[in-house]
Amino acid sequence: MSKKTFELSRGRITARRILFLLLVVFTTFLALGMITSAFLQNGITPTELMLLILYTLLILWVSTSFWTATLGFWVLLRGGDRYSIGRMPPTRGETDPGPPRTALVMPIYNEDPTRVTAGLRAIWQSIQETGRGEEFDLFILSDTRDPECWMQEEVNWYRMCADFNAHGRIFYRNRERNVARKSGNLEDFVHRWGGRYRYMVVLDADSLMAGDTLVKMVDRMENHPGVALIQSSPLPANHKSLFSRILQFASNFYGDIFVWGINYWQLSSSGYWGHNAIIRVEPFAKHCGLPKLPGREPFGGEIFSHDTVEAGMLREAGWEVWIAPDLKGSFEELPPTLIDYAKRDRRWCQGNLQHLRMVFAKDFSGLSRLYFLMGIMSYVSSPLWFFFLILTGFEAYVMSQTMPVYFFGDNLFPVWPESFVVEMTTVLLVTLSMLFLPKFWSLILGILNWRRLKGYGGFFRAALSVFLESIFSMLTAPVLMIYQSKFVFAILMRRSVGWPPQNRDDHRLSLWEAIQAHGEHTLIGLVAGWISYRYVQGFFLWLIPVLAGLVLSIPLSMLSSSTAVGQAARRLGLFLTPEEYEEPRIIQLLKQNLEIVEAADANPLLPAEASKVTDPGACALHLALLPMRPVKKRQRHQLRALIYQLVEEGPEQLSPADRRSLISDPESLVKLHTLAWSDGKDAAG
Amino acid sequence: MTPSTTQSPAPTRPSGAAEAIDAAPILARVAQYWRVQGLSDDALIASLSDDCLQQARRLVGRASAEQLLRRSLEEAQRRFDHALANAMGLPPSNDPHPLAAARAALMLTPGFSADCLFAHDEATRQLKDRLQACLPRNTPPESPIDMKPALLRFWLFQSTAR
């Protein structure tokens, strides 16, 4: 069957963007017109003016998201987009005559070595199954500082090479200094080995990509020499806790319309999400060297969220950047609890707010500036909503204290105060519709595609899951609003968060953890509830959904962190995803490899709690990989002093940096190993 | 392992405590160490462990059990490395990396037994070729590309440095 292909013209791109912009602006003005007509009756007070400004910003943001989803819905109703990278005809251009070699690169930083290795093994096996495995090499780019984790990564890497007979194809390196975090890690790779590869696929520690998907990405890059980056749309998978399963369902069920919508108006000027994307190495090296921003963190220093900036640099240099909504087989993982989700938000918030400066960069186009603003707005919208709620409450209170005057001037008849209930209710309904309609669009698409809906448990289970997910997101939204508002203010007060590793393991929150994290939310909910109930009862009723989320945050957070509840929901067919209904091969491989890696770690000849320094194999491998560095006399004395300290006070008294120094020196490493055995217990901790 | 390991780094106890040292726990620990290094022949392990203890006794004389054990383990490391270097045809060197790489390959690759290191037969000769193929190669040869930081110019803010 021949497929008709279409060239993408400049006019087409402009027309789509103008349509999108008009829809967003028109919706904003419509909502704004209604609220303004209500305010204008008795002249606008300063509070009302503030409310109008806040509402404009918020409705602009909401309608951007709404129209992206709606356009995506429209595209999917029509069976996809002919102007997507998967359907575009191959373009002519100068191509590198050599065979395309691709490096799969995974930057890691103190991540769980078992999960990292299992994921990489699954990806490697999946590529080999395509029959094109020879085109790919794999790099584990470790920035890990934790000594035990470092040695475990090395052992896992070596076992992977041995098991797959992939010596010289799978590589591992640990940077001595993790300059510029993840972007510096990748830059180091490009700088040292970039010349060997035409493409690199950037993976996160929790990424999982099927071999077929990787091969398709390479083929698309080969067919389009003007494309520098193709971003796949990773879906969350393999989750157990209720929280992550609900998010996994939401991303899976609603994600398509958003991604197709993004493709609709962004086309060849799309973005980069930092992982599960293929990048043409040569333009990346040429244009994406990230500078240090003047000033100190959080706004200056190293660029945290490098991906958006790198995509911008590629676009400004004339390269195409695409998103590929049709590519399946690309997965990632989500934080398992609400608290972990908020912690991740804290890092992302700092990274996005740092882009405030990028908005003022001369070298970026209006579109890039818009992307930066959208990233900023995804966090700044929380404090804006927060202020909006406070001001609305205050305005409601003022209104409740105002006595209507029925007779004034020479009027013989009473002048009844005009009611704007209809306008205000319409504004509220418009806003709520824009927030909830995308969920409805996805349900319609499901009904139209019965086979797809089967993967979500059928119509009734899918509809019930959508309903419950909506309730859950409504309850968690106020908590996240307060978290994100705090983050934004902390960053504006110039408090940097650093770049701590992300927690990806399932763990049920204890009551104490939940109280520590959500105590203040509960308190805010109770106080706000009491004040509104006491002084503005009408407003209290409207505020109940927000208050409920805050007051119930402790039990909600605890309950949703539970894997037992998450699995029970799965057995009931709730929040089911097609990947859970019928496990893809790549996820099967991940599960098999998790068992293999865990079993390989259990050495029957060594105690379970023994550190890697005790293991002669791990020690020998670590020694073999250590670079040759001459050690000055003073350093040698310092290292010996550390060993004495370790022997006398125990390994727990040494900082991770000290322990890293010890195992980074061949002589000290061997001494530690011998001590671990001669001590009869685990000396290296 | 490396020659430098013969220097004991840890604080030592007075040697007067060494008069009635029970050799059994030391031999057991050294034997366990041989097993973890990949040896499985019990007779060979017993013989090697005994040799290591004797050599340690010769080196430290009247010492504590802890010192004796440490010396025995160091002797086990030395003997293992010596046998491995012979099998691999590695010349004596101050660079610990080649030997460490061979040791890692021997201990971490499934299917290898270290017994043959001490057998001095055909299996020892075959080991070299098999180990060569499994030596850890953690990075490929470098093929550098220049990646200079881009210059970013800002309105209202200071530009980035080249």
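What the table shows:
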| read-out | value |
| --- | --- |
| Ellipticity estimate at 222 nm from DSSP helix runs (n ≥ 4, -39,500 (n - 2.57)) divided over chain A, nearest 500 | -20500 deg cm²/dmol |
| Cut-off under 5 Å, modelled amide H: who pairs with A:LEU293 long-range | A:GLY301, A:GLU302, A:ILE303 |
| Under 13 Å from the Cα of A:LYS286 - aspartates and glutamates, other chains or at least 8 residues apart | A:GLU187, A:GLU310, A:GLU316, B:ASP146 |
| √(5λ) per eigenvalue of the Cα gyration tensor, chain A, largest first, Å | 48, 32, 25 |
| Mean ellipticity per residue at 222 nm, deg cm²/dmol - from DSSP H runs of n ≥ 4 across chain B, formula -39500 (n - 2.57) | -17000 deg cm²/dmol |
| Overall form of the range A:102-337 per C-alpha gyration tensor (a/c, 1.5; a/b vs b/c) | rounded |
| Per-residue average of Cβ from other chains inside 10 Å of A:279-291 | 3 |
| Integer Hz, Karplus 6.51/-1.76/1.60 couplings in order for the range B:79-93, x for Gly and Pro | 5, 4, 5, 4, 5, 5, 4, 4, 4, 8, x, 8, x, x, 7 |
| Per-residue mean of C-beta atoms belonging to partner chains within 10 Å, peptide A:120-132 | 0 |
| Under 18 Å from A:LYS486, Cα to Cα: aspartates and glutamates that are on another chain or at least 8 residues apart | A:GLU297, A:ASP340, A:ASP345, A:GLU520 |
| Ratio of the Cα radius of gyration of the range A:5-114 to 2.2 N^0.38 Å, where N counts its residues | 1.77 |
| ³J(HN,Hα) computed for each position of the range A:242-255 - Karplus, 6.51 cos²θ - 1.76 cosθ + 1.60, integer Hz, glycine/proline x | 4, 4, 6, 5, 5, 5, 4, 4, 4, 4, 6, 6, 9, x |
| Rounded if a/c under 1.5, otherwise prolate or oblate - the range A:608-678, Cα gyration tensor axes | oblate |
| The range B:17-134: C-alpha gyration tensor shape, a/c 1.5 cut-off, then a/b vs b/c | prolate |
| Separation between Cα centres of the range A:370-392 and the range A:534-551, rounded to whole Å | 21 Å |
| Placed amide H near A:LEU104: partners under 5 Å, 5+ positions off or other chain | A:ASP137, A:LEU138, A:PHE139, A:VAL201 |
| Cβ crowding within 10 Å averaged over residues, with A:428-434, A:374-380, A:25-31, B:71-77 ranked highest first | B:71-77, A:374-380, A:25-31, A:428-434 |
| Shielding by other protein chains, A:669-676, mean Cβ within 10 Å | 6 |
| Under 30 Å from A:LYS454, Cα to Cα: lysines that are on another chain or at least 8 residues apart | A:LYS3, A:LYS216, A:LYS240, A:LYS328, A:LYS439, A:LYS591 |
| Helix B:23-36 vs. chain B, principal-axis angle (Cα, 0 to 90°, nearest 10) | 40 degrees |
| Ordering of A:624-633, A:298-307 by packing [mean C-beta count within 10 Å, highest first] | A:298-307, A:624-633 |
| Estimated vicinal HN-Hα couplings, Hz - the range A:65-75 in sequence order (Karplus 6.51, -1.76, 1.60; Gly, Pro = x) | 5, 4, 6, 4, 5, 5, 5, x, 4, 4, 4 |
| With Cα atoms, 0 to 90° folded angle of helix A:633-649 axis to chain A main axis | 80 degrees |
| Ranked by how many other beta carbons lie within 10 Å on average, peptides A:17-23, A:390-396 from highest | A:390-396, A:17-23 |
| Degrees between helix B:97-108 axis and first principal axis of chain B (Cα, 0 to 90, nearest 10) | 70 degrees |
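Readers should treat all values here as calculations from the given coordinates under stated rules, not as data from a laboratory. Here the structure is a predicted model, which means the values were calculated and not measured. Cβ atoms come from the backbone with ideal geometry, glycine included; neighbour counts cover every protein chain shown.
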